[in-house]
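Step one of this worksheet: look at the structure below.
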Amino acid sequence: MKRQGWMAAAWLIALVLAAVFAPAVANFDPYSGSADSLLPPFTQGHWFGTDDLGRDIWAETVFGARVSLIVGVSAALLGAIVGVAMGALAGWHRGAVDATLMRLTEFFQILPRFVLAMIVIALFGPGIGKVILVITVLAWPQTARMVRASVATLRRAPFVEAARIGGMPGSRVLMQEVVPNVLAPVIVLAAMDVAAAILLEAGLGFFGLGDPNLVSWGAMLNEAQQYLRSAWWMAVFPGATIALTVLAFNRLADVLNAGLDPRGRS
Amino acid sequence: MRRILHAIPLLLAVILLNYGLIAATPGDPVTALVGDFPAPAAYRAQVRHDYGLDKPVPIQALRYLVRVLHGDLGYSFANRQPVVSLIAGRLLATLELVGTALAFASIAGVLLGAVSAQFGGGIFDRATRGALTVGYALPEFWVGQMLILCFAIWLGWLPSQGAHAIRGAAGGWAGIADGLRHLLLPAIALSLRYLALIARVTRTSILDVLGANFVLAARARGAGSIRVLFGHALRNAAAPVLNTIGFNLGFILAGSALVETVFGWPGIGRLLFDSIESRDYPTMLGILLLVSVCVVGANLLTDIVHRLVDPRVA
């Protein structure tokens, strides 16, 4: 468990560094093709080979990390913020506010998010901002439900009552006393949301709905599909990178969960 | 009963969301109803009139709602066919793929989870859990591509595209065998994530009850460990497994769209991919509506069956 957590952390740190310093890490320009198309791995300095247009797969994979990480992390972060806000309001106020917000949450939770995301992007056009927005809109309900449940329990806790009796205004009690106490599981959920968002972004890219101006792992797999017979490396490397990244974020969530759960501490 | 009443506003909201997407589409909303084609002006005017697009928004929304409730999802100009019949023609292929994948994921997942729980903490358990975590992280469309590489291209054992041989469908047993050969790889690709999920849920719920009184009682009566596992503990896993499938149906159908695209499977997912490519908006929206209704229905059904299986949840 612990060793796997370190391995996941190492992979994610390497990935972030590769994404930030992509031009230095990649020895070729991922956007410019060459006459050397469909070269197998380890020929002429192309570690991962080249694609049908002669672009270097290693460079594309490294630059693709940027899109995946930006989409995954921003969508999870925004989803967590919206989810905490909605859940805290619903759990704190109860009554009509609670009922309305929970109905809304339930509606968004039941929507088939992957198919909806595909159709929204197809209707409104591609773009990394839109992808982040769509994933956020569809990612917050789970956080909201969890936060609501914890806030509703904490509302009557002695330390909260004490703050209220001490004359602290309700909104400050909520923000300073209650919300910080429910954030631990939100972080775990956010790590899982990053993994889910990266998978969703890859699926959109595979459906040809990614940003046409940026390389992404999903779009690489879309192109690889036509060349499976002649160039296996076009599919193997970007796909394995997605799998390892998703695995690492899921592991991170598991490790955080074990670390943050007081019962699991030993 | 209250659950059913609860599902009705959700269904109406889902239909209105579809209308909202049409109304919010950049440019002329008629385009969202016709698709991005050079359709004749008379036809566009007809659509504008039929959907009351010259009327105020609430009336437009109401008209759309009434049309959908009458089973009218519009006309696919790209395919010269009503969307409903277009979708109906593809439904069986998707049901075949999704049904097979879910059946496989459930059976294999429950067995794996049960055996893993039985050997809790041992080598087998740890190896299985590691494999399941990996299985859950794999994008199903990439799994599909890797299966094609291994079993269709390198080994040449199985076909990589379509639902049956191109050269005329063989009849009788040969036809069934051919269908199964085509079904095998896409079904495995689609099932892997849910197999992992189901195995994990099964393992946890069995570990939860292995120390429970009724299991101890069964042991005390002399029931062997296999009997305890399959006769007593496994029953407890039924409800969580059912929930896993029911509440993930939206993802399963989306996964099916991706897998169908990889394998050229002639189902709804492939239709979605083609309609996105050809900007056939009414077909896209029709599929979204179908999937949304399926998900609402699956949630409702899961709740009802859950109550029947597990009397504690009343």
Filter segment B:274-291 for residues that are at the interface with chain A (Cβ under 9 Å from one of its Cβ atoms) and among the aliphatic types (A, V, I, L, M); which is farthest from B:GLY89 (Cα to Cα)? B:ILE276
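Listed here are the residues, each with its yes/no results for (1) modelled with pLDDT of 85 or more; (2) more than 30 Å from B:LEU185 (Cβ to Cβ); (3) not in a loop (DSSP other than H, G, I, E, B).
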site	(1), (2), (3)
B:ASP36	no, yes, no
B:GLN46	no, yes, yes
B:ASP54	no, yes, no
B:VAL68	no, yes, yes
B:LEU91	yes, no, yes
Qualifying positions in segment A:18-52 - in a helix (DSSP H, G or I) and either closer than 19 Å to A:ALA231 by Cα or touching a residue at least 12 places away in the same chain (Cβ under 8 Å) (or both): A:ALA18, A:ALA19, A:ALA22, A:VAL25
Of these, B:LEU289, B:LEU272, B:LEU300, which one is crowded, with 24+ Cβ neighbours inside 10 Å, of a type in the set (A, V, I, L, M, F, W, C), within 17 Å of the chain's Cα centre (by Cα) and within 30 Å of B:LEU65 (Cβ to Cβ)? B:LEU272
For segment B:243-268, which residues satisfy the criterion of being within 14 Å of chain A (Cβ to nearest Cβ), within 14 Å of B:SER191 (Cα to Cα) and aliphatic (A, V, I, L, M)? B:LEU249, B:ILE252, B:LEU253, B:ALA254, B:ALA257, B:LEU258, B:VAL259
From A:LEU89, A:LEU111, which residue is farther than 18 Å from A:LEU199 by Cβ and either surrounded by 22 or more Cβ atoms within 10 Å (Cβ to Cβ) or more than 7 Å from every other protein chain (Cβ to nearest Cβ) (or both)? A:LEU89
Based on what the data block shows, is B:ILE176 modelled with pLDDT under 75, in the same structural domain as B:ALA103 (by TED's automatic domain parsing) and β-branched (Val, Ile, Thr)? no
Failed condition for B:ILE252, given (1) crowded, with 22+ Cβ neighbours inside 10 Å; (2) in contact with an Asp or Glu (Cβ under 8 Å, 6 or more places away or on another chain); (3) within 30 Å of B:ARG2 (Cα to Cα), with all others met? (2)
From the option list A:ILE132, A:ILE121, A:ILE165, single residue qualifying as more than 11 Å from chain B (Cβ to nearest Cβ), surrounded by fewer than 24 Cβ atoms within 10 Å (Cβ to Cβ) and in contact with a helix residue (DSSP H, G or I) (Cβ under 8 Å, 6 or more places away or on another chain) is A:ILE132
Checking the condition surrounded by fewer than 18 Cβ atoms within 10 Å (Cβ to Cβ), more than 14 Å from chain B (Cβ to nearest Cβ) and of a type outside the set (Val, Ile, Thr), which residue from A:ARG103, A:ARG155, A:ARG148 passes? A:ARG155
Could you check B:SER160 against (1) part of a helix (DSSP H, G or I); (2) modelled with pLDDT under 90; (3) farther than 30 Å from A:GLN4 by Cα and say which number it fails? (1)
Just the residues that are at negative phi and either within 14 Å of another protein chain (Cβ to nearest Cβ) or part of a loop (DSSP other than H, G, I, E, B) (or both), please, taken from segment B:211-242. B:GLY211, B:ALA212, B:ARG221, B:ALA223, B:GLY224, B:LEU234
Which of the residues that make up segment A:202-231 are surrounded by fewer than 24 Cβ atoms within 10 Å (Cβ to Cβ), among the polar types (S, T, N, Q) and assigned to a loop (DSSP other than H, G, I, E, B)? A:ASN213, A:SER230
Does B:LEU271 count as modelled with pLDDT under 90, assigned to a helix (DSSP H, G or I) and more than 10 Å from every other protein chain (Cβ to nearest Cβ)? no
Filter segment B:75-109 for residues that are touching a Lys or Arg at 6+ places or on another chain (Cβ under 9 Å) and not charged (D, E, K, R); which is nearest to B:TYR64 (Cα to Cα)? B:ALA78
Taking segment B:24-34 only, how many residues are loosely packed, with under 14 Cβ neighbours inside 10 Å and modelled with pLDDT of 75 or more? 2
Going by the conditions given, is B:ILE304 free of Cβ contacts under 8 Å to residues at least 12 places away in the same chain and of a type in the set (Val, Ile, Thr)? no
Here is a check on your reading of the model: is A:LEU199 surrounded by 20 or more Cβ atoms within 10 Å (Cβ to Cβ), assigned to a helix (DSSP H, G or I), within 11 Å of another protein chain (Cβ to nearest Cβ) and free of Cβ contacts under 8 Å to residues at least 60 places away in the same chain? yes
Mind checking whether some residue in segment B:224-231 is among the aromatic types (Phe, Trp, Tyr), farther than 27 Å from A:GLN226 by Cα and modelled with pLDDT under 75? yes
Looking only at segment B:249-268, and only at residues there that are within 15 Å of B:GLY99 (Cβ to Cβ) and not in a helix (DSSP H, G or I), the one that is nearest to the chain's Cα centre (by Cα): B:GLY267
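The values are calculated or read from the model by the stated rules, or taken from the named source; none is laboratory data. These numbers come from a predicted model, not from an experiment. Methodologically, a virtual Cβ is constructed for each residue, glycine included, from the backbone with ideal geometry; neighbour enumeration extends over all protein chains shown.
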